[in-house]
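The values are calculated or read from the model by the stated rules, or taken from the named source; none is laboratory data. The structure displayed is predicted, hence computed values, not measured ones. We place every Cβ from the backbone using ideal geometry, glycine too, and count neighbours over all the protein chains shown. All accessible areas refer to the heavy atoms of the entire protein, side chains included, with ligands and DNA or RNA removed. Shrake-Rupley method; radii C 1.70, N 1.55, O 1.52, S 1.80 Å.
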Amino acid sequence: MITTLQGTVTEKIGDVLVMDVAGVGYGLFVTSEDFRALETGQKTKLYIYEHIREQSHDLFGFSKLETKFYLKSY
């Protein structure tokens, strides 16, 4: 289980934020608020929610732990 990622935002591709963590680029779905706030080249830590299904393995990143738990409750 991935709980947090800490690294540098390297790209914004469509609605995906790419974060480099020790040379590995993770594609993350983030809230629109976080997408606007996080700049390319910025170092950050995100709280991660992994959504694993038969056809996909998606990572969702949140700058605030409260937001992660709030959105998961729906």
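A few remarks follow.
- Residues that are more than 19 Å from LYS64 (Cα to Cα) and either touching a residue at least 12 places away in the same chain (Cβ under 8 Å) or open to solvent by 80 Å² or more (accessible area, probe 1.4 Å) (or both) within segment 1-14 comprise THR10, GLU11, LYS12, ILE13, listed in sequence order.
- Candidate set from segment 22-55 (those that are hydrophobic (A, V, I, L, M, F, W, C), free of Cβ contacts under 8 Å to residues at least 24 places away in the same chain and open to solvent by less than 100 Å² (accessible area, probe 1.4 Å)); member that is farthest from MET1 (Cα to Cα): PHE35
- Residues (assigned to a loop (DSSP other than H, G, I, E, B) and farther than 18 Å from LEU65 by Cβ) located in segment 24-48: GLU39, THR40, GLY41, GLN42
- As for segment 56-73, it holds no residue that is open to solvent by 70 Å² or more (accessible area, probe 1.4 Å), part of a loop (DSSP other than H, G, I, E, B) and at pLDDT 95 or above.
- Positions within segment 1-23 being of a type in the set (Val, Ile, Thr), closer than 14 Å to LEU46 by Cβ and part of a strand (DSSP E or B), in sequence order: THR4, THR8, VAL9, THR10, VAL16, VAL18, VAL21
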